[in-house]
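The values are calculated or read from the model by the stated rules, or taken from the named source; none is laboratory data. Everything numeric here is computed off the predicted structure, so don't read it as measured data. Ideal geometry is used to build each Cβ from the backbone, glycine not excepted, and the neighbour counts take in all protein chains shown.
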Amino acid sequence: MREVIKSNFATVPFVVGASLFLCALIFYYFAVLRVDYTKTSLLDLGPHPDATEYFAQAKALGMDGWPSIQIGYEKLPSRYPPGYPVLMLPWLNILPTTAVVLAPFRANQTLGLLLLLAVFTFYAYLAMPITGGFAALLVATLPCFFTFCRSSLSDVSASLLIVLAFMFAYLGVTEERRSKIYLSAILLGLSVNVRLQSAFFAPLLLVMAIFPMREMRVRWLLHCAAAAAVFVLAASPVLLLNTIQFHSPLRTGYDFWTPFFSKNHLFFSLRYVPNNASALWNEFALQPLEYHTANIFGTGTCFVPAFLFLTCAGLFFIRIDRFVTCAVLACSAFLGVILTHNYRLVDARYYLPLLILSIALAVQPATWAAKNLVTGRRIIIALPIFVLFAAACLGFPSRSGYKTQSIGRCQAWDALHFTTPMRQSVQFIAQKEFAKRLRRQPGIVLSDIDPVYLNALLPGAFVAAPVDGQHNYKWSYAWHYDQAQASVLVEHGLQQSLPVYALFTSPNDLTTNQSRLPTIPGYEWRILNNSDGNAAILKLTALGQGQPTPPE
């Protein structure tokens, strides 16, 4: 670290900045790290199939070294990139078998903590510790950030890589170090393996083209080409995976699982802009919010008006230079793609990288106001800006919940009192009860619980499949599973002398859906004697036999 930074470690600015950073960490602990997932429904790994497939890919990577999802005996491609599942692997190895379902959540909690540390360290390295403290506090209290830090989705992991890419690109330009720009290209390429939309931040790499040229033009051209090549190389794992699985680097699992939508609908079109822009406007104008993914892990709010006003105020403090030009181009390209995308469920979480990057703007007026309040100058301007900063950190005023009328909510308070999904996961409890009772009698399991979820959680000797064609994977043209396939799977199990079970989440669910189970001549479905309210378990038993022997 530079000598000027070392000399400032004991100064008042560093102490103040570190104190602000500590406040951010304390808030993060109570809002994110302290969540007791075992008392919530989040262990269902909703929303389906997103979180379920991420987790299943991670389990497959840990066991087979290849990302896949399993339905029955078949190992199938996922519709999502494998980058986030790779980041789960350390937690899969750390967590005990009974708690392995927490891997997606622990991964995001860790990555969010790393992002906070990266933000403060970046500004401390630039000898701006107070600015770093303000920035870390804004990040920690950003509703979209802490909401998805306690989620099982990939948004935080992609945002971390993108933010780091911008940091190193800035350092590369200001310090005239091409090595840091190459590192930025690597990080940006890796983010594509987490979320494909990250590729549209590629204009950031134009910083290599505007790098001060002190050598021959040929050498400059080679560096420009090398930066692009490094980016593509870092993004190549997902491109190679797509080529192997779908015979084209530009085809994804969506083309495999939902081909109807990709063939009959444009993914990008200007006509989608009004709908996407309306979702952002509703958040800004404090209109009643529709239900989206943020309601699962938080209050449904992703940002508050005060934060946006503070960001706009930061525009007056920014100086246009080479890096800013490239950064604006990159963010504009990404924003344009998100606004023109056809989303079934419009969700402001897709803007999370932009919201975190915009903190670089929002923190400028906050720092300026703090300095002026200390010195007693420009109080009339500084005080409103500091009030705006405080409102942004508190998340006030805002809405919490689905189509609520009250606009007096404080997002920081609601984050510390996270109670929305405080009910236990019925699917997790059902599979846990099933595995506990039948761990010594492995076999085939038919269930309405997502088969990918069950195969990822149940011991490896069990094979889970849907009851019939009513499942999340019924839209594929290339893969089909219905009643006929369920019957074939059951008959195969009987031929192999494997026990065949049916699992439902409750006796009521069993009563409603038992008629959907395959009918096999000479066999009947019988309820195990010790099934209770947590799970209803049936076993396929030959006619003439007594009641199935209760498992030990």
Filtered residues of segment 19-50 (kept if in a helix (DSSP H, G or I) and either touching a strand residue (DSSP E or B) at 6+ places or on another chain (Cβ under 6 Å) or at pLDDT below 95 (or both)):
Tyr37, Thr38, Lys39, Ser41, Leu42, Leu43, Asp44, Asp50
Looking at the structure I just gave you, is Leu438 within 26 Å of the chain's Cα centre (by Cα) and farther than 22 Å from Thr512 by Cβ?
no
Picking from Val100, Val119, the residue that is under 24 Å from Lys59 (Cα atoms) and of a type in the set (A, V, I, L, M) would be Val100
Has segment 199-218 got any residue that is closer than 17 Å to Phe334 by Cα, without any contact (Cβ under 8 Å) to a residue 40 or more places away in the chain and under 24 Å from the mean Cα position of the chain (by Cα)?
yes
Residue count, segment 80-95, condition within 15 Å of Gly65 (Cα to Cα) and either of a type in the set (Asp, Glu) or not in a loop (DSSP other than H, G, I, E, B) (or both), comes to 10
Candidates Gly376, Gly395, Gly408 - the one that is in the same structural domain as Leu43 (by TED's automatic domain parsing), in contact with an Asp or Glu (Cβ under 8 Å, 6 or more places away or on another chain) and not basic (Lys, Arg)
Gly395
Matching residues in segment 256-271 (modelled with pLDDT of 85 or more and either part of a loop (DSSP other than H, G, I, E, B) or not hydrophobic (A, V, I, L, M, F, W, C) (or both)) number 3
Return the residues of segment 337-372 that are part of a helix (DSSP H, G or I), touching a residue at least 24 places away in the same chain (Cβ under 8 Å) and within 17 Å of Leu196 (Cβ to Cβ); say none if nothing qualifies.
Val337, Ile338, Leu339, Arg349, Tyr350, Tyr351, Leu352, Pro353
Tell me which of these Lys436 doesn't satisfy, since it passes every other one: (1) assigned to a helix (DSSP H, G or I); (2) closer than 27 Å to Leu315 by Cα.
(2)
Within segment 238-249, how many residues are within 22 Å of the chain's Cα centre (by Cα) and over 21 Å from Leu204 (Cα atoms)?
2
Given Ala285, Ala330, which one is exposed (fewer than 13 other Cβ atoms within 10 Å of the Cβ), among the small types (Gly, Ala, Ser) and in the same structural domain as Pro143 (by TED's automatic domain parsing)?
Ala285
Of the candidates Thr110, Thr141, Thr97, Thr121, the one satisfying the condition of being without any contact (Cβ under 8 Å) to a residue 12 or more places away in the chain, closer than 26 Å to Gly17 by Cβ and of a type outside the set (A, V, I, L, M) is Thr121
Sort through Leu102, Leu160 and tell me the only one that's under 13 Å from Leu357 (Cα atoms), in contact (Cβ under 8 Å) with a residue 40 or more places away in the chain and either in a helix (DSSP H, G or I) or not small (Gly, Ala, Ser) (or both).
Leu160
Considering only residues of segment 452-467 that are assigned to a strand (DSSP E or B) and touching a Leu at 6+ places or on another chain (Cβ under 6 Å), which is surrounded by the fewest Cβ atoms within 10 Å (Cβ to Cβ)?
Ala465
List every residue pair whose Cβ atoms lie under 9 Å apart, where the two residues are 6 or more positions apart in sequence or sit on different chains, the first residue falls within segment 183-196 and is closer than 15 Å to Val207 by Cα and free of Cβ contacts under 8 Å to residues at least 24 places away in the same chain, and the second residue, located anywhere, is of a type outside the set (A, V, I, L, M, F, W, C) and surrounded by fewer than 24 Cβ atoms within 10 Å (Cβ to Cβ).
Leu183/Gly172; Ser184/Tyr170; Ser184/Gly172
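Residue-by-condition table, conditions (1) of a type in the set (S, T, N, Q); (2) surrounded by fewer than 17 Cβ atoms within 10 Å (Cβ to Cβ); (3) part of a loop (DSSP other than H, G, I, E, B):
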residue: Gly469; (1), (2), (3): no, yes, yes
residue: Asn472; (1), (2), (3): yes, yes, yes
residue: Ser476; (1), (2), (3): yes, no, yes
residue: Trp479; (1), (2), (3): no, yes, yes
residue: Ala484; (1), (2), (3): no, yes, no
residue: Ser497; (1), (2), (3): yes, yes, yes
residue: Tyr501; (1), (2), (3): no, no, no
When segment 130-176 is checked residue by residue, the ones that are surrounded by 23 or more Cβ atoms within 10 Å (Cβ to Cβ) and hydroxyl-bearing (Ser, Thr, Tyr) are Thr131, Thr141, Thr147, Ser151, Ser152, Ser154, Ser157, Ser159
Ala127 passes all but one of (1) buried (at least 24 other Cβ atoms within 10 Å of the Cβ); (2) in a loop (DSSP other than H, G, I, E, B); (3) among the aliphatic types (A, V, I, L, M); which number fails?
(1)
Please enumerate the residues belonging to segment 243-277 that are small (Gly, Ala, Ser), surrounded by 12 or more Cβ atoms within 10 Å (Cβ to Cβ) and in contact (Cβ under 8 Å) with a residue 40 or more places away in the chain.
Gly253, Ala277
Here are Pro442, Pro451: which of them is within 18 Å of Thr97 (Cβ to Cβ) and either in contact with a helix residue (DSSP H, G or I) (Cβ under 8 Å, 6 or more places away or on another chain) or outside the structural domain of Leu25 (by TED's automatic domain parsing) (or both)?
Pro442
Members of segment 503-530 found to be closer than 18 Å to Leu489 by Cα and in a loop (DSSP other than H, G, I, E, B), listed by number:
Leu517, Pro518, Thr519, Ile520, Pro521, Gly522
Got a number for residues in segment 215-255 being under 15 Å from Arg195 (Cα atoms) and either in a loop (DSSP other than H, G, I, E, B) or touching a helix residue (DSSP H, G or I) at 6+ places or on another chain (Cβ under 9 Å) (or both)?
15
Anything in segment 393-409 that is buried (at least 18 other Cβ atoms within 10 Å of the Cβ) and either more than 23 Å from the chain's Cα centre (by Cα) or in a strand (DSSP E or B) (or both)? List them, or say none.
Phe396, Ser398, Arg409
